[in-house]
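What follows is a single structure, written as structure tokens, with notes after it.
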Amino acid sequence: MKKPLEELYEDLNFATDRISSQVRTLTFGVLALVWLFLSGNKDAPILKIGSREPLVVIAGLCIATLLLDAAQYWGMYRSARKLLRDAEAARETEAEYDERTPMRILQQVCFWAKQLLAAIAALWLIALIFVSVA
């Protein structure tokens, strides 16, 4: 079944928004678990991993993921503002993004990089938990 391009754009916007939401949720969950393991209070579970350094690195990956998420949306804002400003100056009612502009490239790089960092952080934490309980 063929779909109109406008529907495909809507599907893509929906999917990228959902991916970003899921990445944020995963990142905050991993960060919360890392904080729990690092807090070391009497009720916190203890990971038998020898050093706390891996947990600190995982926390750093989570923070980097959130920064990439913010950078992606900052790039999106800048792209949209410039496109709108240019269209208004030319008295146009439609405009099209140039995917080769630095802000659009920044968006794409951040979109993929934040997913990669979130996955690395989550998988690393899962591996540490499994190694600790084994």
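Each reported figure results from applying straightforward, stated rules to the coordinates on display, with no laboratory input. Because the structure is a prediction, the values reported are computed rather than measured. Cβ: placed from backbone, ideal geometry, glycine included. Neighbour counts: every protein chain shown.
Structural remarks
- Qualifying trypsin sites (Lys or Arg not before Pro) in the range 57-131, DSSP loop, other Cβ atoms within 10 Å at most 14: ARG91, ARG100
- Per residue, the chain reaches -28500 deg cm²/dmol at 222 nm when only DSSP H runs of four or more residues are counted, each adding -39500 (n - 2.57).
- Crossing angle, helix 53-89 versus the chain [Cα axis fit, 0-90 degrees, rounded to tens]: 10 degrees
- Of the chymotrypsin sites (Phe, Trp or Tyr not before Pro) found in the range 47-134, those in coil by DSSP whose Cβ has at most 15 other Cβ atoms within 10 Å are TYR97.
- Cα-based shape type of the chain, given that a ≥ b ≥ c are square roots of the gyration tensor eigenvalues and the cut on a/c is 1.5: prolate
- For the chain, the longest principal axis of the C-alpha atoms and the axis of helix 5-39 are separated by about 20°.
- Qualifying GluC sites (Glu not before Pro) for the range 73-102 [loop in DSSP, other Cβ within 10 Å: at most 12]: GLU92, GLU94, GLU96, GLU99
- Straight-line cross-link reach from LYS114 at under 14 Å between alpha-carbon atoms covers these aspartates and glutamates, not counting any fewer than eight positions away in the same chain: ASP17, ASP69.
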